[in-house]
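All remarks here apply to the structure that follows.
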Amino acid sequence: MSTPEDRKLLMGDRWWEKLPRKVYSTLERVPCSQDWFEVYKVKEGIYAIYEPGQYEEALCTLLLGGEEAALIDTGCGIANIRACVEEITDLPVMVVNTHAHNDHIADNHRFSSIAMLDHSWSVRAQRGLPNSEMIHLVEPGMVWKPLPKGFDPKKYVTPPFKATRWFSDGDVIDLGTRTLEVMHTPGHSPDSCCFLDREDRLLFTGDMFYTGGIYTYLEGGDIPTFIESYEYMLSHYEDYDRLMPSHNEPWVEKELLRDVHRAVVEISEGRGKYREGVDRGVPIKRFDYGRFNIVTRADQHRPK
């Protein structure tokens, strides 16, 4: 089990004191009737739905097309993201998941149209997640804002849901006037995906990139695969101008992708300074690089 000191290695001491993040002062705030969410207009037809009250600082992105809207991920399921989305648009909404971790699929059940990678992890995720796999998101130290009225931690689960579309690497999701090109990018998890919006020159990175702690130590993650996926992401470097991650900051300069790639290659070669700890029984190493850090399993080795 993790001790408070172990968790501090990942979370920092009093992590909420770094909020609000500076980028949000540059974006247009959009009213939302639920205090749990903050909504920001990033570009015309693109809205970031942010959960700053919980440690993961989950970000879901709503993209409005000519015929349909896409909601990239559904967050932690602590408040009703569908009600939030319906305050922004009356278009039909399709959920598009970057991967099947609990803080990305917890409100999938509220939607009838769900697109996921054609992968065994996505199939398994449809069963939902029990309280034992959700409760740590609202444990002491993980939440600093009041939980929504009526939220019961003892009943906190991810209910079952049904995917209605299965996509693969290279597929194009057409929203009418806006498309998303699927890029299968494992390394954080086997089912991780990025989505390339060529029209707005954006790369939606899921958990493959964000400012803060980037994890390769969770189940199914590994450094060699992570590096291969970064090389894939960088092969499209001229096709996007900004990054749209699923945590912390919704509008990030693309140059940081090259910095992360260099850092992970350095780590794979046995270089880089780190601190050691444990997260939920897994020995980890944290390598700090300023605006981001890489967290690996302590026993991860160089690629062959």
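Name the single residue that is farthest from Tyr55 (Cα to Cα) among those in region 134-167 being over 19 Å from the mean Cα position of the chain (by Cα) and among the hydroxyl-bearing types (Ser, Thr, Tyr).
Looking at the filtered set, the residue picked out is Thr164.
Considering region 153-188 alone, what residues qualify as being among the hydroxyl-bearing types (Ser, Thr, Tyr) and closer than 27 Å to Gly65 by Cα?
Thr164, Ser168, Thr177, Thr179, Thr185
Tell me the strands (runs of 3 or more DSSP E) entirely within region 145-192 that contain at least 1 residues that are over 30 Å from Asp222 (Cβ atoms).
Strands (runs of 3 or more DSSP E) meeting the threshold: 172-174, 179-184.
Would you confirm whether any residue within region 279-298 is hydroxyl-bearing (Ser, Thr, Tyr), in contact with a helix residue (DSSP H, G or I) (Cβ under 8 Å, 6 or more places away or on another chain), over 18 Å from Ser189 (Cβ atoms) and surrounded by fewer than 14 Cβ atoms within 10 Å (Cβ to Cβ)?
Looking for residues that are hydroxyl-bearing (Ser, Thr, Tyr), in contact with a helix residue (DSSP H, G or I) (Cβ under 8 Å, 6 or more places away or on another chain), over 18 Å from Ser189 (Cβ atoms) and surrounded by fewer than 14 Cβ atoms within 10 Å (Cβ to Cβ), one finds none in region 279-298, hence no.
What number of residues within region 74-125 are among the aromatic types (Phe, Trp, Tyr) and within 18 Å of the chain's Cα centre (by Cα)?
1
Go through (1) more than 17 Å from Trp36 (Cβ to Cβ); (2) modelled with pLDDT of 95 or more; (3) surrounded by fewer than 17 Cβ atoms within 10 Å (Cβ to Cβ) one by one and return the number of the condition Ile105 breaks.
Status for Ile105: all satisfied but (3).
From the list Thr185, Thr211, Thr179, exactly one residue is in contact with a helix residue (DSSP H, G or I) (Cβ under 7 Å, 6 or more places away or on another chain), modelled with pLDDT of 95 or more and not hydrophobic (A, V, I, L, M, F, W, C). Which is it?
Result: Thr185 is the single residue among Thr185, Thr211, Thr179 that is in contact with a helix residue (DSSP H, G or I) (Cβ under 7 Å, 6 or more places away or on another chain), modelled with pLDDT of 95 or more and not hydrophobic (A, V, I, L, M, F, W, C).
For His99, all conditions in the list (1) assigned to a loop (DSSP other than H, G, I, E, B); (2) surrounded by 14 or more Cβ atoms within 10 Å (Cβ to Cβ); (3) out of contact with any His (no Cβ under 8 Å at 6 or more places or on another chain) hold save one; what is the number of the exception?
His99 satisfies all of (1) assigned to a loop (DSSP other than H, G, I, E, B); (2) surrounded by 14 or more Cβ atoms within 10 Å (Cβ to Cβ); (3) out of contact with any His (no Cβ under 8 Å at 6 or more places or on another chain) except (3).
For Ile227, are the conditions met, namely being surrounded by 15 or more Cβ atoms within 10 Å (Cβ to Cβ), part of a strand (DSSP E or B) and of a type outside the set (Gly, Ala, Ser)?
No: the conditions fail for Ile227.
So how many residues does region 33-44 have that are surrounded by fewer than 19 Cβ atoms within 10 Å (Cβ to Cβ), in contact (Cβ under 8 Å) with a residue 12 or more places away in the chain and not in a strand (DSSP E or B)?
Matching residues across region 33-44 total 3.
What number of residues within region 255-267 satisfy the criterion of being surrounded by 19 or more Cβ atoms within 10 Å (Cβ to Cβ) and of a type outside the set (A, V, I, L, M, F, W, C)?
Total satisfying the criteria: 0.
For region 190-202, what are the residues that are out of contact with any helix residue (DSSP H, G or I) (no Cβ under 7 Å at 6 or more places or on another chain) and either surrounded by 24 or more Cβ atoms within 10 Å (Cβ to Cβ) or touching a residue at least 60 places away in the same chain (Cβ under 8 Å) (or both)?
Result: Ser192, Cys193, Phe195, Asp197, Asp200, Leu202.
Please work out if Glu238 is surrounded by fewer than 19 Cβ atoms within 10 Å (Cβ to Cβ), more than 28 Å from Arg275 (Cα to Cα) and either in contact with a helix residue (DSSP H, G or I) (Cβ under 9 Å, 6 or more places away or on another chain) or among the charged types (D, E, K, R) (or both).
The answer is yes for Glu238.
Can you say whether Ala69 is under 21 Å from Ile46 (Cβ atoms), surrounded by 14 or more Cβ atoms within 10 Å (Cβ to Cβ) and in contact (Cβ under 8 Å) with a residue 24 or more places away in the chain, as far as the supplied structure shows?
yes
Restricting attention to region 102-138, which residues are charged (D, E, K, R) and either over 21 Å from Glu219 (Cα atoms) or part of a helix (DSSP H, G or I) (or both)?
If the condition is that a residue be charged (D, E, K, R) and either over 21 Å from Glu219 (Cα atoms) or part of a helix (DSSP H, G or I) (or both), then Asp103, Asp107, Arg110, Arg124, Glu133 are the ones that fit.
Kindly indicate whether Gly128 is of a type outside the set (S, T, N, Q), within 30 Å of Phe287 (Cα to Cα) and buried (at least 17 other Cβ atoms within 10 Å of the Cβ).
Considered against the rule, which asks whether it is of a type outside the set (S, T, N, Q), within 30 Å of Phe287 (Cα to Cα) and buried (at least 17 other Cβ atoms within 10 Å of the Cβ), Gly128 comes out as no.
The values are calculated or read from the model by the stated rules, or taken from the named source; none is laboratory data. Given the structure is predicted, the values throughout are model-derived calculations rather than measurements. With ideal geometry, Cβ positions are generated from the backbone for all residues, glycine too; neighbour counts draw on all protein chains shown.
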